[in-house]
Ligand code: SF4
């Protein structure tokens, strides 16, 4: 189908399509979102107001089930950071949208004052469907009802109660390939923007749709084959297949970077109970309820996801990932996987980003609202978020708000967004990314943990972070999973062939870097116009003075080095 721009206005109850503007044609995913924001959203706009727009943009090579490359980007001016935001997810939304010819879906217009709506998209166009019965429902029940209503083959992007409450830690949740609402556009509060327009879900019925055309199918297939071969040969692919992202728990702990008790230590005494090895052993002992290697989207050969269940055969959550194990486990001093899994399920059902929720709970524990290690008390606080009590709204607006209200100074955020499960005092390259990324603290913007460097050396991190940030901005524009980088890094020419095979643009071997730089330049321009200055590219002052046990390291990367991180011309 011809790729077009789709627009939806809930207040006006209108959905229409437009030609793709020439300046948007060579963009996709994260890069396209940055372009649309620059073109259509005033950078100083109120993120929760009518001038902001919520944008879905599938990556540029989405549509042909290239392994791990069918991701969906969602972006807007973030209600959490106040800056540009792109948050991408696996699952099936990206593939379904491309098969309907959706280059971008833009939710815009006045904020409706009543109703709860579902946006239904199919080959005939789009329409709004009343959905009052879904108001206040959790993500899992919402997914189930929509599948019953619209059939089991649709794609769905939905919000839970947190999004309806317009909380800044609210996510958007997508169906995985098994129709589980499990894959989240987690970061930056994108769910709050669906809630602001009273949109509970987008349902994508791609029946009658088609794969996007290939200008040179032979070239595309050659690029796909080269990439897949290198991906399968990479040793990290096997590690992620066998242990999932949880493999990083022991690695981070050994580096003294595993967030523990609200980022007061980088070592957790119970790490052996929540590590990738522990998770694998637990799942192997529970074959009736667990799947140690699961693909979030059709065609993914890495299969880093999992299904985690209990000893008595009950499914607990899918997936159970390292970031949640860190922020909801060690960060809250909770050392058993069943408790972490149940909290993860609850966070998913409420529709929250588990990183932001775990960080806010860590701040709450430090403030004495509950004892570190008390999973039941953490669950009770999460129910306050679901109910929208004053305390629940404070926590649901993220760690920075919780820290201000509760009077806690040790708040692990950059640009108002919670740090992922890598303490930047012990993995300083990722700290540089947290500080300087236009996205705020976001490990997927440029993770450096796998680099063979001294992670404590403040002088060795700038180029590392810069390279990682450029590559990730490129991958996020292509629609590639972060782990697809294992293959692309070795498969010289694969991205060139995939793009030239799909579009015939004649791009060269440096295309990924060109795309990444162009994307970052647009994002930086948006943030500058929104009022960001170099003073925003900093980590919290306490991280520069408070030593992190056991390395007793502080974040001591020079400010002038931070300021040159994203300079390249
Ligand atoms: S590697 Fe994991 S996160 Fe990436 S696409 Fe595959 S299952 Fe999804």
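Structure values in brief
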read-out	value
Any chance residue 349 is touching a helix residue (DSSP H, G or I) at 6+ places or on another chain (Cβ under 6 Å) and more than 16 Å from the ligand (Cβ to nearest atom)	yes
Residue match in region 366-374 (condition: within 16 Å of the ligand (Cβ to nearest atom) and over 24 Å from the mean Cα position of the chain (by Cα))	no
Yes/no for residue 441 being touching a residue at least 12 places away in the same chain (Cβ under 8 Å), buried (at least 24 other Cβ atoms within 10 Å of the Cβ) and outside any helix (DSSP H, G or I)	yes
Count - residues of region 473-497 that are outside any helix (DSSP H, G or I) and away from the ligand (no atom under 13 Å from the Cβ)	5
Any hit, region 194-213, residues being on the phi < 0 side of the Ramachandran plot and under 17 Å from the mean Cα position of the chain (by Cα)	yes
Residue count, region 270-295 (criterion: away from the ligand (no atom under 16 Å from the Cβ), farther than 21 Å from residue 326 by Cα and assigned to a loop (DSSP other than H, G, I, E, B))	5
Residue in region 450-472 that is touching a strand residue (DSSP E or B) at 6+ places or on another chain (Cβ under 6 Å), modelled with pLDDT of 95 or more, surrounded by fewer than 24 Cβ atoms within 10 Å (Cβ to Cβ) and in a loop (DSSP other than H, G, I, E, B) present	yes
Every residue from region 98-137 that is surrounded by 19 or more Cβ atoms within 10 Å (Cβ to Cβ) and farther than 28 Å from residue 32 by Cβ	116, 131, 134, 137
Tabulated pairs, region 472-483, first on the phi > 0 side of the Ramachandran plot, second within 9 Å of the ligand (Cβ to nearest atom) and modelled with pLDDT of 95 or more, C-beta under 8 angstrom, 6+ apart or interchain	479/69; 479/70; 479/71
First in region 533-551 and part of a helix (DSSP H, G or I), second anywhere and surrounded by 21 or more Cβ atoms within 10 Å (Cβ to Cβ), Cβ under 7 Å, 6 or more apart	536/415; 543/424; 543/425; 543/555; 544/555
Any hit, region 227-235, residues being within 16 Å of the ligand (Cβ to nearest atom) and part of a loop (DSSP other than H, G, I, E, B)	yes
Strands (runs of 3 or more DSSP E) lying entirely in region 116-185 (those with 3 or more residues that are within 20 Å of the chain's Cα centre (by Cα))	155-158, 172-175, 181-185
Lone qualifier among 206, 222, 238 - being more than 16 Å from the ligand (Cβ to nearest atom), surrounded by fewer than 23 Cβ atoms within 10 Å (Cβ to Cβ) and part of a helix (DSSP H, G or I)	222
Per-region count, region 7-41, residues part of a strand (DSSP E or B) and closer than 25 Å to residue 480 by Cα	1
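So that you can scan it fast, the table gives a plain yes or no per residue for (1) assigned to a strand (DSSP E or B); (2) under 17 Å from the mean Cα position of the chain (by Cα); (3) touching a residue at least 60 places away in the same chain (Cβ under 8 Å); (4) within 15 Å of the ligand (Cβ to nearest atom):
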{"position": "297", "(1), (2), (3), (4)": "no, yes, yes, yes"}
{"position": "320", "(1), (2), (3), (4)": "no, yes, yes, yes"}
{"position": "326", "(1), (2), (3), (4)": "no, yes, yes, no"}
{"position": "339", "(1), (2), (3), (4)": "no, no, no, no"}
{"position": "344", "(1), (2), (3), (4)": "no, yes, no, no"}
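The values are calculated or read from the model by the stated rules, or taken from the named source; none is laboratory data. These numbers were taken from a predicted model, which means no experiment stands behind them. Every residue, glycine as well, gets a Cβ built from its backbone with ideal geometry; the counts of neighbours run over all protein chains shown.
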